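One structure below.
Bear in mind these aren't lab numbers, they're just calculated from the coordinates by the rules spelled out. Nothing here was measured: the structure is a model prediction, and the numbers come from that model. Neighbour counts are summed over all protein chains in view; Cβ atoms, including those assigned to glycine, are modelled from backbone coordinates with ideal geometry.
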Amino acid sequence: MISNFIFWQENWSNVPLGNDERVALQEEISVLHGKIATLEEEFNRSRQEASDYRHLSHQLEKELKELRDHDQQSKTKRIKVLSDLLISVSKAERQEARMKIRQESLRLGNIGVVRAGTIISEGWEDGQALKDLNAHLRSLLEMKESIERHRKSLKKRQSDKGDGNDMETGISDEDFHVQDEIFKSRLASIKREEETYLKEKDRYELEKGRLIREMKRIRDEDGSRFNNFPILNQRYALLNLLGKGGFSEVYKAFDLVENRYVACKLHSLNGQWSEEKKQSYIRHAIREYNIHKTLVHPHIVRLWDIFEIDHNTFCTVLEYCSGKDLDAVLKATPMLPEREARIIIVQIFHGLIYLNKRPQRIIHYDLKPGNVLFDEVGVAKVTDFGLSKIVEDDVGSQGMELTSQGAGTYWYLPPECFELSKTPLISSKVDVWSAGVILYQMLFGRRPFGHDQTQERILREDTIINARKVEFPSKPSVSIEAKELIRRCLTYNQTERPDVLTIAQDPYLSYSKR
Ligand code: AMP
């Protein structure tokens with residue numbers, strides 16, 4: 001533009017013009033000259049400014065990168081410090097757990113080599129405390145037998161005297177009664193002592209059960225390929241093993257991104273499985289994940305994440321529940337006070353109500369004490385949606401077809417799940433039955449049907465198919481309301497049994513309607 005103007009300026013004098021016009025034009029030209037100079041000045045300034053800005057922006061970019069690098073470095077450093085700390089704590093915990101096991105083993109027993117004839121196998125050998133206890137019980141039994149023998153002979157002497165058979169060894173009536181009273185009183189005192197020892201033995205047996213489970217956990221931890229504190233998916237620092245199931249191991253872990261403890265469930269596919277079986281297992285797990293990840297409720301364990309570790313292993317990340325599960329609670333204390341049992345069943349029902357009020361209703365299908373976890377403040381949460389079913393919109397009032405017959409834990413499943421003549425129809429009433437069994441077990445210390453039977457025997461003897469009526473022991477004393485709720489949950493006939501939303505109205509499940 002400027003060069004066009006100069007060209008025009010150099011040639012304007014050739015144009016024939018009048019005087020006034022020439023003067024006006026010259027003035028205009030000088031104004032324009034001024035404008036050009038200003039523009040050029042501004043242009044230069046802008047160019048300078050642009051270059052300054054460019055420089056500044058390079059500078060800033062460089063500083064930002066340095067900051068980012070520094071931030072990344074400090075983040076990496078923070079993660080390193082944090083995971084080192086977590087690992088040292090976990091190592092200390094591992095050491096302590098092993099030390100405790102060694103101490104407890106001396107007292108309660110250990111797995112040792114047992115020889116029966118020529119056959120050598122692994123078996124349980126009682127520890128000193130149990131041996132002492134058994135020795136006490138044996139000596140009390142011997143004492144009891146000896147006193148009973150003496151008493152018998154005393155009675156014989158007394159009756160012989162009566163018959164006039166043995167006058168020399170006969171004793172006076174007074175002596176006989178005194179002696180007999182001494183024996184009776186001694187026998188009563190032995191009985192009391194025996195009862196104390198038997199109670200202690202029961203306590204030892206519970207402790208022994210806990211010890212055996214802890215030994216198994218430690219053995220599983222030692223044999224696990226994840227026991228060396230790996231960081232999975234660049235964020236989950238695996239710590240100690242919580243437990244091992246059929247195809248999975250559950251580790252306590254720390255999420256380094258969200259800064260919270262989580263439970264990492266590592267699902268390992270068996271290398272020997274056919275590709276088809278592996279695919280089916282993965283499909284199943286993805287289905288479980290898809291159901292579980294949408295569930296957000298205070299009484300349902302949250303599922304945070306899922307990722308692949310290698311071709312045969314994947315991991316689901318769950319909300320960490322630091323308390324025991326209900327199964328462990330009941331193993332330590334088989335009977336709970338009614339007040340405690342009630343608040344647990346109320347929370348389980350709150351979870352179930354949520355599952356039945358969503359647009360996509362869900363049947364859990366595997367409710368049992370092992371699938372109820374407690375967090376650090378004792379809130380109960382339902383977990384493990386491995387067998388759960390989504391209720392499709394078009395199912396009739398009788399329920400949907402049960403496609404996985406045979407799965408689940410038989411003590412907790414209702415009669416309709418054992419129907420062999422046709423494919424059973426199931427609904428949320430399955431979970432209602434299971435909740436009834438759990439409440440019964442918490443209150444009475446045993447399951448209502450097939451308590452002492454194995455899974456195989458329950459099936460073989462049709463135990464649940466014959467579970468027509470629930471019986472309550474006379475002890476402990478339990479409220480009529482609790483028994484009534486259990487009776488309703490354990491209604492044999494599926495059509496008459498209330499579903500989750502109906503039984504939710506039961507007064508026993510509400511604290512405000514009193
Ligand atoms: P499972 O294989 O699901 O039976 O779990 C094995 C062990 O891990 C059991 O002792 C469970 O109590 C424990 N466990 C499972 N899930 C969690 C969790 N979300 N938080 C804490 N412990 C868990």
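Report the normalised scattering of the range 43-185 as log10 I(q)/I(0) at q = 0.12 Å⁻¹, calculated by the Debye formula with identical scatterers on the alpha carbons.
Once normalised to I(0) and log-transformed, intensities are -0.86.
For the pair I111 and E496, what calculated FRET efficiency results from E = 1/(1 + (r/R0)^6), where r is the Cβ-Cβ distance and R0 = 41 Å, to the nearest 0.05?
Working: r = 49 Å, r/R0 = 1.20.
The calculated FRET efficiency here is 0.25.
For the range 231-319, compute Rh as the Kirkwood radius over C-alpha pairs and then the Stokes-Einstein diffusion coefficient at 20 °C and 1.002 mPa s; write the answer in µm²/s, rounded to an integer. It would help to have the intermediate numbers written out before the result.
Numbers: Rh = 13.6 Å.
Calculated translational D: 157 µm²/s.
Calculated FRET efficiency, T294 and R213, Cβ-Cβ r, R0 35 Å, to nearest 0.05?
Result of the calculation: an efficiency of 0.60.
Using only helices, what value at 222 nm comes out for the chain when you add -39,500 (n - 2.57) per DSSP H run of length 4 or more and divide by the total residues, to the nearest 500 deg cm²/dmol?
-18500 deg cm²/dmol
Please give the peptides 488-494, 428-434, 24-30 ranked by average Cβ packing (other Cβ atoms within 10 Å per residue), highest first, as a rough proxy for protection.
Per-residue Cβ counts within 10 Å, averaged per peptide and sorted highest first, yield 428-434, 488-494, 24-30.
Around T454, with a cut-off of 12 angstrom between Cβ atoms, what is the net charge of the other residues, counting Lys and Arg +1 and Asp and Glu -1?
Summing Lys/Arg as +1 and Asp/Glu as -1 gives -1.
Output the pairs from K91/K278; K144/K201; K324/K469; K357/K469; K216/K331 with a Cα-Cα distance over 24 Å in this structure; if there are none, say none. Can you show the working numbers first?
Numbers: K91/K278 34 Å; K144/K201 19 Å; K324/K469 32 Å; K357/K469 30 Å; K216/K331 16 Å.
In this structure, K91/K278; K324/K469; K357/K469 lie more than 24 Å apart at Cα.
With +1 on the Cβ of every Lys and Arg and -1 on the Cβ of every Asp and Glu, and nothing else charged, how large is the dipole of the range 231-319 about its Cα centre, in debye rounded to the nearest 20? Show your work: numbers first, answer last.
Details: 11 positive and 10 negative charges, 38 e Å.
Using only the charged Cβ atoms, the result is roughly 180 debye.
If we sort 90-99, 435-444, 339-348, 68-77 on the protection proxy, mean other Cβ atoms within 10 Å, highest first, what's the order? Walk me through the numbers before you get to the answer.
Values: 90-99: 13.0, 435-444: 24.8, 339-348: 18.2, 68-77: 10.2.
So the order, starting with the most tightly packed, is 435-444, 339-348, 90-99, 68-77.
How big is the C-alpha Rg of the chain next to the rule-of-thumb value 2.2 N^0.38 Å, as a ratio?
Scaled against compact globular proteins, the figure is 1.73.
What full-extension length gain, to one decimal in nm, is calculated for L25 and D52 as 0.36 nm per residue of separation minus the Cα-Cα distance?
Full-extension gain reported as 5.8 nm.
For labels at I171 and V81 in the simple 7 Å Cα→Cβ model, what's the distance in nm?
8.3
With labels modelled as points extended 7 Å from the Cα through the Cβ direction, what inter-label distance (nm, one decimal) is found for N259 paired with K184?
Result: 7.5 nm between the two label points.
So how long is each side of the range 326-509 along the principal axes, counting just the alpha-carbon atoms, biggest first, in Å?
The principal-axis extents, from largest down, are 42, 38, 28 Å.
For the chain, with only Lys/Arg (+1) and Asp/Glu (-1) charged at the beta-carbon, what is the dipole magnitude about the Cα centre, in debye rounded to 20?
The dipole magnitude comes to about 1800 debye.
How far, in nm, would the chain grow between E275 and S74 when pulled straight, counting 0.36 nm per residue and subtracting the alpha carbon separation?
Gain in length upon complete extension: 68.0 nm.
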